[in-house]
Amino acid sequence: MEAGFLALVVFLGLAAIWLVFYFIPVGLWFSALVSGVRIGLLQLVLMRWRKVPPSVIVSSMIEGTKAGLTLDSNELEAHYLAGGNVSNVVHALVSAQKANIMLDFKMATAIDLAGRDVFEAVQMSVNPKVINTPPVAAVAKDGIQLIAKARVTVRANIKQLVGGAGEETVLARVGEGIVSSIGSAASHKIVLENPDSISRVVLDKGLDAGTAFEILSIDIADIDVGKNIGAQLQMDQAQADKNIAQAKAEERRAMAVALEQENKAKAQDARAKVILAEAEVPLAMAEAFRNGNLGVMDYYKMKNVMADTQMRENIAKSDKK
């Protein structure tokens, strides 16, 4: 019984000691003290209550103090509570100071809260970054397609990191410049002979305006000859003209067939009227006989005239053969 009670007392005692050292980080306070960082023990305790890890603040202040920076613990806490990366900001400030880059705490925290990696930006200011563009296809004035790839060397522009455009904008502008440069060339051979002309034209356009980068150089890494777009367009145009001509010819043929059918119908109608008229002749003659307007001799004379006419027609047909 006594042994169990003693074990419980020991456990509670250890738990109490752990809680005391957790909320009162004496070790961190001592590390800050020997490193020349003046921060109160009560302030470290209050950081716990504000849900700010004291280790992050203390280690960052130690790093900044050793590098000769003057940092305020309250500003570091405020940046942490705002969702920023305190350690990354301090790393960036130290690197910027060593590289003689103008970067203050306010600017660094603004860049960090904007979602950019401020430490990487400082490193990119010291060591420029090379961005490879995707293949860019353009057509020269002679109709030959060229496919170019470029390497863009950029350096971070610290002042434009907040609100400046990113890599996608730089690549889009460089691609637009390559298309414009190749498209203005009289012949694709000129571009192949002097690919550096593309770089000069693109650089002169000031493509890095409003971006978070400064373009140092644009180098054409590769350029290949693609399709003969001009010839392909001419072939497509010729095929289109051919199709249009065929459609118009078919339309004219259909109209001719319709006109022929209409003429045939008219001819048949005329023949039908003639037959009807011929059928009425005997009736008219009979009526004339009854009325006394036509005699027998008149009838025979008419038959003789008709026979003579038919004989002449037969003689004319035989002469033509």
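Could you pull out the pairs from K98/K129; K273/K301; K149/K227; K149/K189 whose alpha carbons sit more than 23 Å apart here?
On the way: K98/K129 19 Å; K273/K301 27 Å; K149/K227 17 Å; K149/K189 17 Å.
Result: K273/K301 exceed 23 Å.
Between R48 and Q232, what length in nm is gained on full extension when 0.36 nm per residue of separation is reduced by their alpha carbon distance? Could you put the intermediate results ahead of the total?
Values: separation 184, 0.36 × 184 = 66.24 nm, distance 7.26 nm.
Contour length minus Cα-Cα distance gives 59.0 nm.
Please state the relative contact order of segment 176-246 as a whole percent: Cα pairs under 8 Å, 6+ residues apart?
Details: 29 pairs, mean separation 17.2, N = 71.
Dividing the mean separation by the residue count of segment 176-246 yields 24 percent.
Starting from the Cα of V162, step 7 Å toward the Cβ, then list every residue of segment 119-137 with an amide N under 20 Å from that point.
Residues 119-125 fall inside that zone.
Over segment 28-97, with every protein chain in place, what whole percent of the accessible area is carbon and sulfur at 1.4 Å, could you tell me? It would help to have the intermediate numbers written out before the result.
Values: 2010 of 3440 Å².
Carbon and sulfur together cover 59 percent of it.
What order do M306, M47, M102 take when sorted by accessible area (1.4 Å probe), most exposed first? Walk me through the numbers on the way to the answer.
Details: M306 105, M47 0, M102 175 Å².
Largest to smallest exposure gives the sequence M102, M306, M47.
Run the 1.4 Å probe and let me know the accessible area of M107, rounded to the nearest 10 Å².
60 Å²
Please compute the contact order of segment 54-171 in relative form: average sequence separation of alpha-carbon pairs under 8 Å and at least six residues apart, divided by the residue count, as a percent.
Values: 122 pairs, mean separation 22.0, N = 118.
Averaging sequence separation for qualifying contacts and normalising by length gives 19 percent for segment 54-171.
For a label point 7 angstrom out from the Cα of D196 toward its Cβ, which stretches of segment 128-167 have the backbone nitrogen within less than 18 Å?
From segment 128-167, the list is 149-153.
Per residue, how much accessible surface does segment 101-199 expose to a 1.4 Å probe? Answer in Å², no decimals. Before the final figure, lay out each step's value.
Values: 4950 Å² over 99 residues.
In whole numbers, segment 101-199 has 50 Å² accessible per residue.
For segment 104-233, give the percent of accessible area contributed by carbon and sulfur heavy atoms, probe 1.4 Å, rounded to a whole number. Each step should come with its number before you reach the end.
Details: 3370 of 6610 Å².
For segment 104-233, the apolar C and S fraction of the accessible surface comes to 51 percent.
Using amide H atoms built 1.01 Å from N in the peptide plane, name the residues 5+ places from N157, or on other chains, whose amide H lies under 5 Å from its own.
Counting only residues 5 or more places away or on other chains, the set is F213, E214.
The values are calculated or read from the model by the stated rules, or taken from the named source; none is laboratory data. Since we're looking at a predicted model, the values are computed, not measured. Every residue, glycine among them, receives a Cβ derived from its backbone with ideal geometry; neighbour counts consider all protein chains shown. To get the accessible areas, we keep the full protein, side chains included, count just its heavy atoms, and leave off ligands, DNA and RNA. Shrake-Rupley method; radii C 1.70, N 1.55, O 1.52, S 1.80 Å.
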